Amino acid sequence: MRFGTVEALAGATIDIRAGEFLAIVGDSGGGKTTLLRAIGGLLPLAGGSIAFHDARGRSVRPGPRDLGFCFQEGRLLPWRTVLANVALPLELEGMAREERLQAAAGMLARMHLQGVEQRMPRELSGGMRMRVAMARALVTRPRVLLLDEPFGALDEVTRQALDEELLVLVRETGATAVLVTHSIQEAVALADRVLVLRGRPGVSLAPIAIDLPARDELTRLSVGFASLCAQVQAGLRGGRVA
Ligand SMILES: Nc1ncnc2c1ncn2[C@@H]1O[C@H](COP(=O)(O)OP(=O)(O)OP(=O)(O)O)[C@@H](O)[C@H]1O
Ligand SMILES: [Mg+2]
């Protein structure tokens, strides 16, 4: 991608496997948001290409329902209630009113947002707004989920609870998830592989496989978990460039 004289993701080759949970960490300005926008087709490429394949390796074009976005800034519609914001993708699909409001309310509950359905986005905290944006991204049960720092503004306890909820939802739907995060712990707790983008704009290092035996709350206290976090940290500080 080219922004004036800045070239982002030059020479990057990134392979994301169907159904995997890929976390991306890296320096601010490294190109993480740019990568998500490129995958989502929201930015024209200055070079290179992005290809999607189905389980049999055939080239496919994702439809609007296949991709779910949660942007770094949330981007809710300020004139719609929380519930109507989350129901919007279903409304665009033509789902009946009762059905879509019920689905939206259910997803809000899973993001721990019961009771704020009728509020306007401006009446929420920054972290709550991000959770609404996350509910909106998940409500269509997309096959590819692109998440840009969804829980960055939250306290640690809420963040871990929502991390767990996210993992359950992603497993339930079998979605391929790409999560950008500044938290090494969050990346290791959720992902099958962690990709480190280093530099500004960044180059991608070889992804680190996260082979943890379980993903429960005790996992974060294990030696294996700490050692994987140390590996990711070493990558961020200057590991080998792939
Ligand atoms: N719309 C834009 N116009 C000009 N430059 C841009 C634009 N979007 C991104 N860039 C540049 O591209 C590079 C990568 O930016 P990007 O937003 O992808 O970084 P990031 O890794 O998401 O950072 P952060 O962790 O701070 O969100 C930066 O050098 C940035 O200045
Ligand atoms: Mg960003």
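List of remarks:
- Modelled label positions at HIS53 and ARG171, each set 7 Å beyond Cα in the direction of Cβ, lie 2.7 nm from each other.
- Here is how the number arises for the chain: DSSP H runs of 4 or more residues each give -39500 (n - 2.57), the sum is divided by the residue count, and the result at 222 nm is -11500 deg cm²/dmol.
- Working from Cα pairs under 8 Å separated by at least six residues, relative contact order for the chain is 29 percent.
- In sequence order, calculated HN-Hα J values of segment 13-27 (Karplus, 6.51, -1.76, 1.60; Hz; x Gly/Pro): 10, 10, 10, 10, 7, 4, x, 8, 10, 9, 9, 10, 10, x, 4
- Zone of SER222's modelled label, taken as backbone nitrogen in segment 176-214 under 18 Å from a point 7 Å along Cα→Cβ: 185-194, 208-214
- Extension gain, LEU45 to ASP66: 0.36 nm times the residue separation minus the Cα-Cα distance gives 5.5 nm.
- The trypsin sites (Lys or Arg not before Pro) found in segment 79-122 that occupy coil by DSSP, while having at most 15 further C-beta atoms within 10 Å, are ARG80, ARG119.
A short reminder: the numbers here are calculations on the coordinates, not readings from a lab. Remember, it's a predicted structure, so these values are computed and weren't measured experimentally. Here the Cβ is made from the backbone with ideal geometry for all residues, glycine too, and neighbour counts use every protein chain on show.
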